[in-house]
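Some notes on the structure that comes next.
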Amino acid sequence: MSLRATILATGSHVPARVLTNADLEKMVDTSDEWITSRTGIKTRHIAGPGEYTSILAAHAAQKALAAAGLGAADIDVLVVATISAEMTMPSCACLVQKEIGAVNAFAFDVNAACSGFLYALSVAEKQILADPSLKILVIGAETLSSRVDWQDRNTCVLFGDAAGAVILGSSHRGDGLLAEKLFSDGSLYNLLYIDAAQSLNADLRNEDFQGSSIKMAGRDVFKYAVKAMESAVQVVLDKAGVAVSEVSLVVPHQANIRIINKLGQKLGLDPEKIYINVSRYGNTSAATIPLALDEANRAGRLQSGDLVMLCAFGGGFTWGATLIKWQ
Ligand code: COA
């Protein structure tokens, strides 16, 4: 059998604090009915003091390491997909390395917004194909609560904080990453962006500083997201020579239940085969897919040999799909 990169284990972590739609009703002019009917979101987890992106990521990484029976020192490469690290330099990945003691790894971040986990997985896969002995931690982690304008009802109801991690190794048994296709279109950057970030730098926490929150043309993003993910999934199915009916589980980026349902309809998917948890976490950007994968894995929804389709869409625009045969 040919060499492939395969997911050996998964882990995830969310902050304890839960923000409900009822809580949001007290903060902005909104309602549980509006949020639920337009987005499917009921609750989201919000980081507390000191719960930086690297800290959520480190917790997720430790759970994935425990599930794999590996120690942090066994990790050769550590990649974090994020757009909400607490510092610009060093990378979030270096802070995670310090936190968990992955002393033998080289560490770096990938920025592809909500598609970041698929991009990071792709980069890690190429490392495995070049050196099958490697063990790689691939993490998607965000604290988007630090990037949201909490007075803007158009966006503040949508996002949450979380981290998910996988450990990638090699396999000759036929399992692993079968096919992928990633896309970007930077000409559409101004439909979804953050032009400057909050950080640990107290100067940037100035209340008059307006540049730090997510800006989004919601309707445009919605339309592009459905079309882009549908075509990416089709390209990957064709590349792998797999029919959509053969896919056991689709794990899409969790931004909005209506985007996910439309995607499912367009692909002709059995709704039972789509993993959905957006109601509990909201949109956690690069963390949605590894968080959902970990939940599905721990719930026994991923069996050996299952074909699992991941697909994502996010700021950039960036999008893509990846087909995996579960180990
Ligand atoms: N509560 C109540 N009303 C709200 C609201 C809220 N939280 N947010 C917006 N509204 C209002 C708007 O102000 C607007 O009012 P108006 O008609 O008086 O101007 C009205 O609801 C309709 O707004 P609109 O933006 O047209 O709604 P929509 O049906 O497109 O739904 C989104 C808005 C954001 C839920 C939807 O566009 C969406 O999901 N887009 C994709 C977002 C996304 O997933 N982004 C990340 C992708 S990675």
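The values are calculated or read from the model by the stated rules, or taken from the named source; none is laboratory data. Quick caveat, the model's predicted, so the values are computed rather than measured. When we count neighbours, we look across all protein chains shown, and the Cβ atoms used for this are built from the backbone with ideal geometry, even at glycine. Remember, those area values only see protein heavy atoms, side chains included, never the ligands or the DNA or RNA. Shrake-Rupley method; radii C 1.70, N 1.55, O 1.52, S 1.80 Å.
Would you point out the residue of the range 215-235, among those that are of a type in the set (D, E, K, R) and under 16 Å from Ser115 (Cα atoms), that is least open to solvent (accessible area, probe 1.4 Å)? Break it down into steps so the answer makes sense when it comes.
Step one: of the range 215-235, the residues of a type in the set (D, E, K, R) are 215, 219-220, 223, 227, 230.
Then keep just the ones that are under 16 Å from Ser115 (Cα atoms); that gives 227, 230.
Working: Lys227: 138, Glu230: 46 Å².
Restricting to residues being of a type in the set (D, E, K, R) and under 16 Å from Ser115 (Cα atoms), the top hit is Glu230.
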For this session: Keeping to the range 139-196, report how many residues are of a type in the set (Gly, Ala, Ser) and farther than 23 Å from Leu56 by Cβ.
Result: 9
Exercise. Looking at the range 210-235, which of the residues that are assigned to a helix (DSSP H, G or I) and of a type in the set (Val, Ile, Thr) is farthest from Glu180 (Cα to Cα)?
Worked result: Val221
Exercise. Here are some residues: Ala102, Ala112, Ala93. Which one is open to solvent by less than 10 Å² (accessible area, probe 1.4 Å), touching a Ser or Thr at 6+ places or on another chain (Cβ under 8 Å) and touching a residue at least 12 places away in the same chain (Cβ under 8 Å)?
Worked result: Ala112
